[in-house]
Amino acid sequence: MRHFSFIDTLLTGLKIVERQRIGDTRGFLSRLLCTEELAAAGWEKPVVQINHTYTAREGTVRGMHFQHAPHSEMKLVSCLHGAVWDVAVDLRADSDTFLQWHAERLSAENNRALLIPEGFAHGFQALTDDVELLYCHSAAYAPESEVGLNPLDARLAIAWPLPVTELSARDAAHPPISEEMEGVRV
Ligand SMILES: Cc1cn([C@H]2C[C@H](O)[C@@H](COP(=O)(O)OP(=O)(O)O[C@H]3O[C@H](C)C(=O)[C@H](O)[C@H]3O)O2)c(=O)[nH]c1=O
């Protein structure tokens, strides 16, 4: 039995993951990770870290984060509680959709996840209070190679659905993307 179905987006390699729910009178079982099914969707490396984040307030934005090579990572982002507007930005230097973004509503009830290839920045806005996300990573956290784009950067023009209620000082301080795009193409 397959637990995942994949929906392509306009950004090559970025896929929406629809996760099966196997329900009965007690509740349900839902698979969060299946390396065999994910391999078919392009996840080539082992999962090396799993992170869990809690975001208290509706409107909070976290992102836009990515790691430079050799620490580039794929991410599988699932929402375990509440709902988010999840955004991935294509930073691949050779991509026809460079600097374009895709947003997907992930929630505990729609059981959707986002499969994000290497070369993308990731961020989200909490659409409810008490949001919990689970991230599977194909590379270890490498703070020395982690960089961020300002989620409010005019060159990204991400149409966040809610007023931004909270942004970390670090994320707010990311400089605007320059004309030369230095440090942005990966
Ligand atoms: C990602 C990470 C962070 N940290 C430390 C660094 C900070 O002291 C603290 C919070 O980190 P940060 O503010 O980067 O957390 P988020 O803003 O939720 O960032 C995460 O969410 C965005 C949307 C992502 O896509 C990334 O996976 C990840 O960067 O945890 C660690 O110790 N290990 C880790 O793997």
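Below is a table of values for the structure above.
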read-out	value
Semi-axis lengths, Å, region 75-142, gyration tensor of Cα atoms, sqrt of 5 times eigenvalues	22, 14, 9
In Hz, Karplus ³J(HN,Hα) per residue of region 61-66 (6.51, -1.76, 1.60; θ = phi - 60°; x = Gly, Pro)	10, 10, x, 9, 10, 7
Evaluated over the chain, the Cα radius of gyration and Dmax, each in Å	16.1, 58
Rounded percent of accessible protein surface that carbon and sulfur make up, region 66-186, 1.4 Å probe	54
Average accessible surface area per residue within the chain, 1.4 Å rolling probe, Å²	49
Rg [Å, one decimal], Dmax [Å, integer] - region 104-186, C-alpha atoms	14.3, 42
Cut-off under 5 Å, modelled amide H: who pairs with Arg155 long-range	Ile177
Between region 1-51 and region 55-134, the alpha-carbon center distance in angstrom	15
Full-stretch length increase - Arg105, Ala173 - with 0.36 nm per residue and alpha-carbon distance subtracted	21.9 nm
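The values are calculated or read from the model by the stated rules, or taken from the named source; none is laboratory data. None of the values given here were measured: they were computed from a predicted structure. Surface areas here come from the heavy atoms of the whole protein model, side chains and all, with no ligands, DNA or RNA. Shrake-Rupley method; radii C 1.70, N 1.55, O 1.52, S 1.80 Å.
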